[in-house]
Amino acid sequence: MPGPIQSIERAAAILRLLARGSGKLGVGEIAESLELAKATAHGILRTLQGVGFVEQDRDTGKYQLGAALLHLGTSYLDVNELRSRAINWADALAARSGEAVRIGSPLDGRVLVVHHVFRPDDSLQTLDVGALLPLHATALGKVLLAYDTTLVAALRGTDIAAYTRRTLSSLTAIKRALAGVREAGWASELGEMTPGEAGIAAPIRGHGGIVVGALGISGAVERLMDSHGSPKATLLGHVRDAARAVSRDLGASRW
Amino acid sequence: MTHRYVMSVDQGTTSTRCILFDARGRLVSVVQREHQQHFPRPGWVEHDAAEIWRNLARLMPEALTQAGASAEQVVGLGIANQRETTVLWDRRTGAPIGRAVVWQDTRTDRVVEQLAREPGAKRVRELCGLPLATYFSAPKIRWMLDQTPGLQERAERGEVLFGTTESWLIWNLTGGLHITDVTNASRTMLMNLRTLSWDDELLEFFDIPRAMLPEIRSSTEVYGTTTTVVPGIRIAAALGDQQAALFGQTCFAPGEAKCTYGTGSFLLLNTGHTPVLSAHGMLTTVGFKIGDEPAVYALEGSIAVTGSLVQWFRDSLELIGTAPEIETLARTVRDNGGCYIVPAFSGLFAPHWHSEARGVIAGLTSYITKGHLARAVLEATGWQTREVVDAMNADSGLALSTLKVDGGMTANNLLMQIIADVLDVPVVRPMVAETVSLGAAYAAGLSVGYWPDLEGLRRNWHRAGQWLPTMPPPRRAAEYANWRQAVELTFGWMRPTEAARPTGTDIVDVILDDHRRIENLLRELRNDDADRAVVLLELTGQVEAHVAATERILHSPTDIDSDDLENAVLQHIREEESTLLNELRRTLSPSDRTALGRAFTAERGKHLSAQRSP
Ligand SMILES: Nc1ncnc2c1ncn2[C@@H]1O[C@H](COP(=O)(O)OP(=O)(O)OP(=O)(O)O)[C@@H](O)[C@H]1O
Ligand SMILES: [Mg+2]
């Protein structure tokens, strides 16, 4: 096992320093206190600023602890923030796919529908923002489960409802499916919640790649799936592109 | 097959966006940059036009890169812009003259008040469709020309140019094309609504030289081709942002309306080929003009402060970290707890047009939490919409049956529900929330033949979300009554005489203020009704203090002949403003000028109080 990583130790020291006293320090003061070269301190501060752990005062140029640190305990993005940041790409996905779009985020062991865009055919539809869906029986839920082990752990011991014949109704089956989701980078649902209804979803990632939600389309099986029950390639492409575009806007650079 | 796209630029109040759309009106790439808001004094709002241009110069290539597209794939560029915001620049150097004065800025309230008393004032609205208010460009131009000695003359010689931000950007993109479109021109107060050209009577009323104004063109036509940043793109459309949103919502027929929720909110109703004058505080404005076709007009209900109230809640009260978090906070409580916020930050716009109104938070009790305040912030947008819709219904004689909405605030579900509840009609959001950009793209695409006609564009419009009213009628009525009571509290807050700046501002402003004060006394001296002896005493006292302070602080010997006081004083003012003040502007740093301003005020005050207590 490699030893401790020096730059992470230094970053931690900078955060501790900023957490003390008045909490506003210039790069020179920080470098001096920690006996670092100014360029080194500056590089670390810039990185910490990039992830929101420190902020720089526009006028004085001094650094202080960032707002992101206060929200460390709640690693999911504020759901209303998530909707605002995703709305343009969710619209574009609905227009491209011709299907309804939903964004989900976990809440109390279920998927909270955070955003919903109607299927663009101007038929009568009602917004189901605020609705709660099962994690294990929806494409959105499977994406959320795949990247959050505590959510999976919480499934244990709960009654895993079988909504249809096709619902994954044992923990083993679910876990196997989740491994597939991680491998592929997307999830699908084929009549597992409602017979004849399908879904395709992909993860929305924030800074550093942490999954903050799931974005997907849903509609009739014959429109979304091919004859083998796999998502149609163009639709899958649209879903993944949209999720990636939102992730990029949220600062997930590698995805 | 290579894809072809339309590029649109939305030069907004807080940011500039560049978006590529494909043939079906779907977003392909979007990039955005904010620019700084300058608030140098209460009521003042400024932008740096050079910063806005720099931002655009970076955004256009970024939008292409994000889409993996090249300039040849762009069939045309459409520009939408924040309206009324006034940029002056030097024709020769292309450099902005001072900062741009933003539409929300109220510094011209005294200019407007003076103008309102002049005989020609009654004609203004009839000619241009707009009430005399600080909101529009003409008073801002007037203020800027007054501010700098010699500027008026330079503008007369055509050395200083005016434009709203689309003019400024087109000038820069093309290397010197000076044009505007009819919709933007219709917000200056200088364009005749019927002839769609600059109006001599209005130019004379505001004393604004024609030589500084851009040429007025249609909203959709190819004005020219970009020569810099991304050269070779045809600039094919320009519209004010709210008119662009009307176009993007495909409100092409009379009777169709939309409301855009951004920094402010603007309800526009298409009234067809006739300009309708409002009896209920709506503006008459040009909706769009396609090529050589006759112009289409609109009635507009402008609300100055909606999204910017959320920003204030975030940045000045620091009760939330981001704008969308206001919904999270508002949902922590069930109702407003009896609290109402009327955000008359720039006075109240439609339907009231009270420039002197200022904001209130009413109904405060110890029960109120930040959750209630958050709700009151969102409800303020709802009720302001209600007032405008009521006025619009009264003008048109029709009742709005659904409200089409767009803009950044439509991401807020609670707000959308509140609006449906207070209006008692369904609220519908279309598939592209960036409707301003889409409208500019539609106009440009139409102009270059990328899209054949309006009907084709209509087919792209789809409903993305809908909110239905659920509020019980008695509750709606009671809440509306409370709101109106709160609105009345804001009226008459600013009193006309009150104009003191904080002490210690710029020496140039301090001296200019002093000159204005002295000029007013001279004017009063010509008034038969005035107690001339008292006025004369006051005048000599003021002049003596002014002269003493000028000599002590600025070491500028000043001699005023007391035999011919009036002429001597006027001559002194003229000379000082064209020599000494310019020298101070040229040679001193802002902080030095502030320091001198403070010293001058103190010295002057000393002399004045010495006169009072001999
Ligand atoms: N979820 C939200 N809830 C409430 N207000 C919001 C939300 N998201 C954005 N806003 C507000 O909406 C405004 C941004 O919307 P938008 O980008 O449409 O504004 P805009 O007026 O077009 O800006 P600009 O004038 O720069 O173009 C901001 O004032 C912001 O405070
Ligand atoms: Mg805008």
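Some points to look at:
- Linear extension gain, A:R20 paired with A:L132, 0.36 nm per residue minus alpha-carbon span: 36.1 nm
- The order of the peptides B:35-42, A:186-193, B:401-408 by mean Cβ neighbours within 10 Å, most packed first, is A:186-193, B:401-408, B:35-42.
- Gyration tensor verdict on the range B:398-521 (Cα atoms; rounded if a/c is under 1.5, prolate if a/b is larger than b/c, oblate otherwise): oblate
- With R₀ set to 30 Å, the beta-carbon distance separating A:R156 from A:A12 gives a calculated FRET efficiency near 0.30.
- Cα centroid separation, the range B:100-121 to the range B:190-261 (Å): 22 Å
- Cα gyration tensor shape for the range A:81-131, rounded if a/c is under 1.5, else prolate or oblate: oblate
- On a per residue basis, the range A:105-154 carries 37 Å² of accessible surface, using protein heavy atoms and a 1.4 Å probe.
- Pair B:Y480, B:D529: separation of 7 Å Cα→Cβ label points (nm): 4.1 nm
- Here the accessible area is traced with a 1.4 Å probe on the protein chains. For the range A:6-70, carbon and sulfur cover 50 percent of it.
- Inter-chain Cβ neighbour average for residues A:121-129, partner chain, 10 Å: 3
- The modelled label-to-label distance for the pair B:R24/B:E575, using points 7 Å beyond Cα in the direction of Cβ, is 7.6 nm.
- The mean number of Cβ atoms from other chains found within 10 Å of a Cβ in peptide A:77-90 is 6, as a whole number.
- Summary of packing: across the peptides B:279-291, B:62-74, the per-residue average of other C-beta atoms within 10 Å ranks them, highest first, as B:279-291, B:62-74.
- Under 15 Å, Cβ to Cβ, from B:T365 - net charge with Lys/Arg +1 and Asp/Glu -1: +1
- Interface of B with A. Using a 1.4 Å probe and counting protein heavy atoms only, the two chains hide about 2400 Å² of accessible surface, both sides summed.
- Label reach from B:T587 (point 7 Å along Cα→C-beta): in the range B:536-572, amide nitrogens under 17 Å belong to B:550-558.
- FRET efficiency for A:R223 and B:H3, using Cβ-Cβ distance with R0 set to 25 Å, rounded to 0.05: 0.55
- Label separation (B:I361 vs B:Q311): 2.0 nm, computed from points 7 Å beyond Cα along the C-beta direction.
- Under the Karplus curve 6.51 cos²θ - 1.76 cosθ + 1.60, θ = phi - 60°, whole-Hz ³J(HN,Hα) for the range B:425-436, x wherever Gly or Pro sits: 9, x, 10, 10, 10, x, 5, 10, 5, 7, 5, 4
- Value of D in µm² per second that Stokes-Einstein yields for chain B, Kirkwood Rh from Cα pairs, at 10 °C (1.306 mPa s): 61 µm²/s
- Amide H contacts of B:S29 (H built 1.01 Å from N, under 5 Å, at least 5 apart or other chain): B:L20
- Taking amide H positions as modeled 1.01 Å from N, with prolines and chain starts lacking one, the residues under 5 Å from A:H115 and 5 or more places away or on another chain are A:I103.
- Cα pair distances exceeding 13 angstrom across the range A:6-70, given as percent: 57 percent
- For peptide B:451-464, the mean count of partner chain Cβ atoms within 10 Å of a residue's Cβ comes to 3.
- Those residues of the range B:319-343 for which accessible area with every protein chain present is at least 50 Å² below the isolated value (1.4 Å probe): B:P324
- Summarised in one figure, the compactness ratio Rg/Rh of the range A:80-249, Cα atoms and Kirkwood Rh, is 0.93.
- Extension gain for B:R58 to B:L203 (0.36 nm times residue separation, less C-alpha to C-alpha distance): 48.5 nm.
- Number of Lys pairs (Cα under 19 Å; 8 or more positions apart or on different chains) in the protein assembly as shown: 7
- Taking amide H atoms as placed 1.01 Å from N in the peptide plane, the amide H of B:R463 lies under 5 Å from those of A:D122, each 5 or more residues away in sequence or on another chain.
- Accessible surface computed residue by residue for the range A:6-70, with neighbouring protein chains in place and a 1.4 Å probe, gives 62 Å² per residue.
- Cβ crowding within 10 Å averaged over residues, with A:219-232, A:82-95 ranked highest first: A:82-95, A:219-232
- Here the range A:80-249 has 52 percent of its accessible surface on carbon and sulfur atoms, given a 1.4 Å probe and all protein chains in place.
- All C-alpha pair distances within the protein assembly as shown, sorted into 20 Å bins from zero, spread as 13, 41, 34, 10, 2, 0 percent across the bins.
- On the basis of the beta-carbon distance and an R0 of 56 Å, B:E118 and A:V51 show a calculated FRET efficiency of 0.45.
- Karplus-derived 3J(HN,Hα), 6.51/-1.76/1.60, for each residue of the range B:11-25, Hz, glycine and proline x: 8, x, 5, 9, 8, 10, 10, 10, 10, 9, 10, 9, 5, 8, x
- Coupling constants for the range B:362-371 follow from the phi torsions by the Karplus curve (6.51 cos²θ - 1.76 cosθ + 1.60, θ = phi - 60°), and in residue order they are 10, x, 5, 9, 6, 6, 5, 10, 5, x Hz; glycine and proline get x.
- Chain A, helix-only ellipticity at 222 nm - DSSP H runs n ≥ 4, -39,500 (n - 2.57), divided by all residues, nearest 500: -12500 deg cm²/dmol
The values are calculated or read from the model by the stated rules, or taken from the named source; none is laboratory data. Remember, it's a predicted structure, so these values are computed and weren't measured experimentally. So basically every Cβ, Gly included, is an ideal-geometry build from the backbone, and we count neighbours across all protein chains shown. All accessible areas refer to the heavy atoms of the entire protein, side chains included, with ligands and DNA or RNA removed. Shrake-Rupley method; radii C 1.70, N 1.55, O 1.52, S 1.80 Å.
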